[in-house]
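So the structure is just underneath, and the comments pick up after that.
The values are calculated or read from the model by the stated rules, or taken from the named source; none is laboratory data. A quick note: this is a predicted structure, and the numbers were derived from the prediction, not measured. Cβ coordinates were reconstructed from backbone atoms using ideal geometry, including for glycine residues, and neighbour counts include every protein chain displayed. The accessibility values were calculated without ligands, DNA or RNA, using every heavy atom of the protein model including side chains. Shrake-Rupley method; radii C 1.70, N 1.55, O 1.52, S 1.80 Å.
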Amino acid sequence: MSFIHLVKTYEVQNDKFLLPKKQLVTYALYALIAVALLYLFIDPAPASSSKLAVTLPWVQQELPPPSPPAYQQAGDEVLNSAPTQQGKEASASPTCDYSDGEWVPDPTPPLYNGTTCEAIKDGRSCAANGRADTGYLHWRWQPRRCDLPAFSPSAFLRWLRNKHLAFVGDSLARNQAESLVCLLSSSLSRPQEEEELVRFRRWVFIEHNATVSVSWSPFLVRGVEKAGVPYNDVVLDAFDERWMSRLGEVDAVVLSAGQWFKIPSVYHESGGRVVGCHACAKELNHTETSFFAAFRDAVHRTLAEITRRHEHDAAMDNKGRKEKVVAMATFSPSHFEGDWDKGAPCPKKQPYKSGEKELGYTEAEMRRIVLEEVEAASAGAEASGVRFAALDVTTLANLRPDGHPGPYMRKNPVVGPDGRVQNDCLHWCMPGPVDTFNQILQQTVLR
C-alpha cells in the first residue's frame with residue numbers, strides 16, 4: 001500500500017494522522033516489546049562499570065572484570081596468563097615458548113625473604129651474607145609471544161597434594177629445590193624437614209601430604225666425583241641407585257646436570273672397561289672422548305631407564321598405571337669473568353639486554369642435547385604413562401650475570417691462597433632468577 005493510499009484510509013484532523021483505536025493499541029504493544037528486547041540483549045550499564053552483567057532469556061551469568069597484567073600482581077593473585085585472565089588457575093598455552101624473551105623491570109617484591117627461609121643453605125642467601133644491593137630482585141622474565149604467570153604457591157600445593165616431587169642432579173638441582181620450598185612456604189604452609197643429609201634432603205608439607213626432595217647425582221648415572229685424584233670416574237651403563245631405586249615412590253622428577261661433565265673424567269662400562277676419557281693426563285693412555293658425547297649418553301640412558309622402570313612398576317601394580325612427570329632443566333651458564341678457580345668475579349649489577357649476550361658454544365650444545373634427548377624420550381614413551389618435558393632455562397639464565405652470590409657466598413668472604421676473594425658465579429641468590437625456573441616448572445606440571 002502506498003503512502004497516499006494509507007493517508008486516504010484514515011481520517012485527517014488538524015493536519016495529524018489519527019489511527020483507529022484498535023490499531024493504535026496494537027502498535028503500542030509492538031513498540032513496548034521492541035524496547036523490552038533491547039533491554040534484554042543490551043547491557044544498559046556504562047562501560048566503566050566494575051562488572052559486566054550479561055542476561056539472556058536462556059542464560060544468566062556474571063563475568064568478572066578484566067584482571068590487571070600479571071606483572072602488577074604477585075603470588076596467588078596471579079593464576080593465569082594475560083590473554084586468559086578470567087579467574088582461572090595458573091595455566092599456560094601448550095604452545096607458549098618460555099625460552100624466548102627478555103628481563104624487564106618489575107617492582108613487585110619477591111614471594112619470600114631470603115634471610116628467613118629455612119630451606120636456604122649457606123651460600124645462597126646473598127642478603128644474609130652481606131649483599132646490600134637489591135636491584136637483582138626486581139626483574140621479571142617476559143616471553144615474547146605470551147605471558148609467564150606468576151608463581152602460585154596454593155595452586156602448586158594443590159597439584160602436589162598426596163604427591164612426591166624429587167629433584168635429582170648437581171648443586172643447581174639443589175638450588176632449584178630450595179627455591180621451590182621457599183616459594184611454597186610463602187603460602188603460610190610451613191614444611192617439616194624429615195631428612196637432612198649432606199647429599200639428600202626431604203621436606204613434607206603435612207597438611208597437604210606433599211613431599212619435595214633433592215638427591216645428589218651430578219652425572220645422573222653412577223659416578224664418583226674426583227677425590228684425591230684429578231678426574232671423575234663415571235660408569236655410563238650403570239645407574240645411580242641412590243635415587244633411581246626410589247623412582248617408584250615419586251610422582252614427578254626434575255633432573256638437572258651438566259656442569260660436572262666439563263671436569264676431567266674417565267668413562268667406564270659396568271664391567272670396568274675404560275671406554276674414554278675427557279681431559280685426562282697423557283700418562284693414563286686413554287682415548288680422548290668429548291664430554292658432549294658422554295653427557296648425551298648419560299641423559300639418553302637415564303630417560304630410557306625411567307621409562308622402563310615405570311612400565312615395569314605399572315605392570316606389577318594391579319591398580320593401573322599412574323602418570324609420572326619427568327622434567328629436565330637445560331644447561332644453566334655461569335658468569336665468571338675469568339678463571340673460576342682464580343677468584344674470577346661476576347660484578348655486573350643488571351641483566352644483559354636481549355641480543356647483548358649470546359650463548360657460548362658449550363652452553364648452546366649442552367642445551368641442544370637436553371632438548372633433543374627429551375624429545376626422543378617423549379616420542380618413545382607415548383603409551384608408557386611417563387610425560388617428559390624440557391625446562392628450557394638456558395637463555396634466561398644466560399642473561400642474568402647479576403643474580404649470582406659472587407663474593408657473598410659466605411658471611412665472611414673466602415680468601416684463596418693467592419689472597420683473592422673466592423666468588424660463586426654459578427649458583428643463584430635466593431630470591432633470584434632461579435625462582436623463574438620454578439615458575440616455568442609450575443606451568444609444566446599443570447599443563
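Please find, within the range 267-292, the residue that is nearest to the chain's Cα centre (by Cα) out of those that are among the aliphatic types (A, V, I, L, M) and at pLDDT below 90. Quick ask: steps written out before the conclusion?
Restricting attention to the range 267-292, the residues satisfying the condition of being among the aliphatic types (A, V, I, L, M) are 274-275, 279, 281, 284.
Among the residues that remain, those that are also at pLDDT below 90 are: 281, 284.
Numbers: A281: 40, L284: 42 Å.
Only one residue tops the list, namely A281.
Which number in (1) more than 28 Å from A127 (Cβ to Cβ); (2) open to solvent by 10 Å² or more (accessible area, probe 1.4 Å); (3) in contact with a strand residue (DSSP E or B) (Cβ under 8 Å, 6 or more places away or on another chain); (4) in contact (Cβ under 8 Å) with a residue 12 or more places away in the chain marks the one condition that N423 misses?
(1)
Of the residues that make up the range 240-263, is at least one farther than 20 Å from F167 by Cβ, out of contact with any helix residue (DSSP H, G or I) (no Cβ under 8 Å at 6 or more places or on another chain), open to solvent by 10 Å² or more (accessible area, probe 1.4 Å) and free of Cβ contacts under 8 Å to residues at least 12 places away in the same chain?
Taking the range 240-263 as the starting set, the residues that turn out to be farther than 20 Å from F167 by Cβ are 262-263.
Within this subset, residues satisfying the condition of being out of contact with any helix residue (DSSP H, G or I) (no Cβ under 8 Å at 6 or more places or on another chain) are 263.
Now drop any that are not open to solvent by 10 Å² or more (accessible area, probe 1.4 Å), which leaves 263.
After this cut, where a residue has to be free of Cβ contacts under 8 Å to residues at least 12 places away in the same chain as well, the list is none.
Checking the range 240-263: not a single residue is farther than 20 Å from F167 by Cβ, out of contact with any helix residue (DSSP H, G or I) (no Cβ under 8 Å at 6 or more places or on another chain), open to solvent by 10 Å² or more (accessible area, probe 1.4 Å) and free of Cβ contacts under 8 Å to residues at least 12 places away in the same chain.
For the range 343-360, state whether one or more residues are at pLDDT 95 or above, surrounded by fewer than 20 Cβ atoms within 10 Å (Cβ to Cβ) and among the aliphatic types (A, V, I, L, M).
yes
Out of the residues in the range 186-239 that are at pLDDT 90 or above, polar (S, T, N, Q) and in a loop (DSSP other than H, G, I, E, B), state the one that is least open to solvent (accessible area, probe 1.4 Å).
Ranking the qualifying residues of the range 186-239, first place goes to S217.
Can you tell which of C126, C146 is more than 17 Å from R400 (Cβ to Cβ), touching a residue at least 40 places away in the same chain (Cβ under 8 Å), buried (at least 17 other Cβ atoms within 10 Å of the Cβ) and under 23 Å from the mean Cα position of the chain (by Cα)?
Numbers: C126 fails: more than 17 Å from R400 (Cβ to Cβ).
That would be C146, the only listed residue that is more than 17 Å from R400 (Cβ to Cβ), touching a residue at least 40 places away in the same chain (Cβ under 8 Å), buried (at least 17 other Cβ atoms within 10 Å of the Cβ) and under 23 Å from the mean Cα position of the chain (by Cα).
Give S334, S384, S378 a once-over and let me know the one that is within 30 Å of A293 (Cα to Cα), in contact with a Ser or Thr (Cβ under 6 Å, 6 or more places away or on another chain), polar (S, T, N, Q) and surrounded by fewer than 21 Cβ atoms within 10 Å (Cβ to Cβ).
Values: S334 fails: in contact with a Ser or Thr (Cβ under 6 Å, 6 or more places away or on another chain); S378 fails: in contact with a Ser or Thr (Cβ under 6 Å, 6 or more places away or on another chain).
Going through S334, S384, S378 in turn, just one is within 30 Å of A293 (Cα to Cα), in contact with a Ser or Thr (Cβ under 6 Å, 6 or more places away or on another chain), polar (S, T, N, Q) and surrounded by fewer than 21 Cβ atoms within 10 Å (Cβ to Cβ): S384.
Starting from the range 184-205, keep only residues that are among the acidic types (D, E), then list their pairs with residues that are at pLDDT 95 or above whose Cβ atoms are within a distance under 6 Å, requiring at least 6 positions of separation or different chains.
E193/W203; E194/R202; E194/V204; E195/R202
So how many residues does the range 269-310 have that are assigned to a helix (DSSP H, G or I), more than 23 Å from W243 (Cβ to Cβ) and either touching a residue at least 24 places away in the same chain (Cβ under 8 Å) or aliphatic (A, V, I, L, M) (or both)? Show your work before the answer.
Just the residues of the range 269-310 that are assigned to a helix (DSSP H, G or I), to begin with: 282-284, 291-310.
Adding the requirement that they be more than 23 Å from W243 (Cβ to Cβ) leaves 282-284, 292-293.
Going one step further and asking which of them are either touching a residue at least 24 places away in the same chain (Cβ under 8 Å) or aliphatic (A, V, I, L, M) (or both), we end up with 284, 292-293.
Residues that pass the stated criteria total 3.
Is it the case, given these coordinates, that P431 is without any contact (Cβ under 8 Å) to a residue 12 or more places away in the chain, over 17 Å from S256 (Cβ atoms) and surrounded by 14 or more Cβ atoms within 10 Å (Cβ to Cβ)? Steps first, answer last, please.
On the way: without any contact (Cβ under 8 Å) to a residue 12 or more places away in the chain: no; over 17 Å from S256 (Cβ atoms): yes; surrounded by 14 or more Cβ atoms within 10 Å (Cβ to Cβ): yes.
Against the criterion (without any contact (Cβ under 8 Å) to a residue 12 or more places away in the chain, over 17 Å from S256 (Cβ atoms) and surrounded by 14 or more Cβ atoms within 10 Å (Cβ to Cβ)), P431 does not qualify.
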